[in-house]
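The values are calculated or read from the model by the stated rules, or taken from the named source; none is laboratory data. The model shown is predicted, which means the values in this text are computed figures rather than measured ones. Don't worry about glycine lacking a Cβ; one is built from the backbone with ideal geometry, like all the others, and counts go over all protein chains shown. Just the protein is used for accessible areas: all its heavy atoms, side chains included, with ligands, DNA and RNA removed. Shrake-Rupley method; radii C 1.70, N 1.55, O 1.52, S 1.80 Å.
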Amino acid sequence: MAETLLEVRGLRTYFPVLSKLLRRPVGQVRAVDGIDLTLAAGEVLGIVGESGSGKTTAGKSILRLIEPTEGKILFESRDITHLSQSAMMPLRRRMQIVFQDPMSSLNPRMTIGRILAAPFEIHRVARGVEKRDRVADLLRLVGLPAEAAQRYPHEFSGGQRQRVGIARALALHPRLLIGDEPVSALDASIQAQIINLLKRLQGELGLTYILISHNLGVVSHICDRVAVMYLGRIVECGPREALFFDPKHPYTTALLAAVPSPEPRRGRARTVLGGDMPSPAHPPSGCAFHPRCPQAMARCVQEAPTITMLPGGHSVACHLYPG
Ligand code: SF4
């Protein structure tokens, strides 16, 4: 049985809402509102949901780039929830992130060589010739020429810059890589290249991924399992095939309907998602999806659904599936 690399229990990340005048707390934004996840070594988990669903905050909270309010994070069986930032430092080598916008995450005043050398310098793992060789290896690994080390981020295309972002994340041989919308800022053809690159690297290096995306289509080719988030909670989670071909939650069905099909005539029944995502500062009563759900019942307004486990490792939080 594969090693459990990451375990997340009851993770909550709330942000205070401050009054305009006195800057006193007057409420809270429940960005992540009690999520549970288990990730085996070598697994690829997709976290999907619309903008505002809390998926990026969840990813950053898992890495402790944002401090969680409540819950537990175990990495390699070690509870890292309350580790100090200095105690987190050696662990950061093994837990890395690739950001959405490669241009804003790369320092425009630094050459690619200096950007890729920075992790070796910060963690004091290589110097001189060894450092240069390792930068060249990283460039080769992500399909960029060695000369790229002398150039600046603005001299590259968006796809090439994202390759640099991925190379930087891989510098210290991480085990867990979180991709926060890693291809959203790229053209469709380039998206496919970067997804293929991530897939190849995962196979070659035995990486474990969490890929965060608002687009189910993006994660469809690479993920083993997919978790669907809505307003800070996971509403459905399951193996990729189950989730794509037999979705249970009405929100997942609506997200899938928004994925363009190569065969539109044979496409899925169209479920157009009406309305906007409610504010996480004022979540609706009962099931948070009820104001937009075409199958909402009276019970949905009153009572929040709990997780129902279905066969095959599939789970859903919806009153249509009583536990
Ligand atoms: Fe729709 Fe009710 Fe299920 Fe929520 S619990 S998704 S409102 S049917």
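Below are the figures for this structure:
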quantity	calculated
Which numbered condition Ile195 fails, given (1) open to solvent by 10 Å² or more (accessible area, probe 1.4 Å); (2) over 20 Å from Gln96 (Cα atoms)	(2)
Condition met for Leu207 (within 16 Å of the ligand (Cβ to nearest atom), touching a Pro at 6+ places or on another chain (Cβ under 8 Å) and in contact (Cβ under 8 Å) with a residue 40 or more places away in the chain)	no
Residue list for the range 253-278, restricted to those being of a type in the set (Gly, Ala, Ser) and modelled with pLDDT of 90 or more	Ala254
Cross-chain or 6+ apart pairs with Cβ under 7 Å, the range 68-81 first and of a type in the set (D, E, K, R), then exposed (fewer than 14 other Cβ atoms within 10 Å of the Cβ)	Glu70/Gly10; Lys72/Gly10; Lys72/Asp79
Subset of the range 84-102 (residues that are surrounded by 15 or more Cβ atoms within 10 Å (Cβ to Cβ) and either free of Cβ contacts under 8 Å to residues at least 24 places away in the same chain or within 28 Å of His154 (Cβ to Cβ) (or both))	Leu91, Arg92, Gln96, Ile97, Val98, Phe99, Gln100, Asp101, Pro102
Filter result for the condition that a residue is touching a residue at least 24 places away in the same chain (Cβ under 8 Å), on the phi < 0 side of the Ramachandran plot and crowded, with 19+ Cβ neighbours inside 10 Å, over Cys318, Cys300	Cys318
Unmet criterion (only one of (1) modelled with pLDDT under 95; (2) within 13 Å of the ligand (Cβ to nearest atom); (3) outside any helix (DSSP H, G or I); (4) of a type in the set (Gly, Ala, Ser)) for Ser285	(1)
Some residue of the range 223-246 being open to solvent by less than 40 Å² (accessible area, probe 1.4 Å), within 16 Å of the ligand (Cβ to nearest atom), part of a helix (DSSP H, G or I) and in contact (Cβ under 8 Å) with a residue 40 or more places away in the chain	yes
Exclusive hit being in contact (Cβ under 8 Å) with a residue 60 or more places away in the chain, part of a helix (DSSP H, G or I), within 25 Å of Ile62 (Cα to Cα) and not charged (D, E, K, R), set Gly165, Gly217	Gly165
Unmet criterion (only one of (1) of a type in the set (Gly, Ala, Ser); (2) closer than 13 Å to Ala171 by Cβ; (3) part of a loop (DSSP other than H, G, I, E, B); (4) touching a residue at least 40 places away in the same chain (Cβ under 8 Å)) for Ala126	(4)
Restricting the range 292-304 to residues that are touching a helix residue (DSSP H, G or I) at 6+ places or on another chain (Cβ under 9 Å) and assigned to a loop (DSSP other than H, G, I, E, B), the residue that is nearest to Val235 (Cα to Cα)	Cys293
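Results for (1) outside any helix (DSSP H, G or I); (2) open to solvent by 50 Å² or more (accessible area, probe 1.4 Å); (3) without any contact (Cβ under 8 Å) to a residue 24 or more places away in the chain, shown as yes or no for each residue.
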residue	(1), (2), (3)
Gly113	no, no, no
Ala118	no, no, no
Glu121	no, yes, yes
Lys131	no, no, yes
Val135	no, no, yes
Arg140	no, yes, yes
Ala148	no, no, no
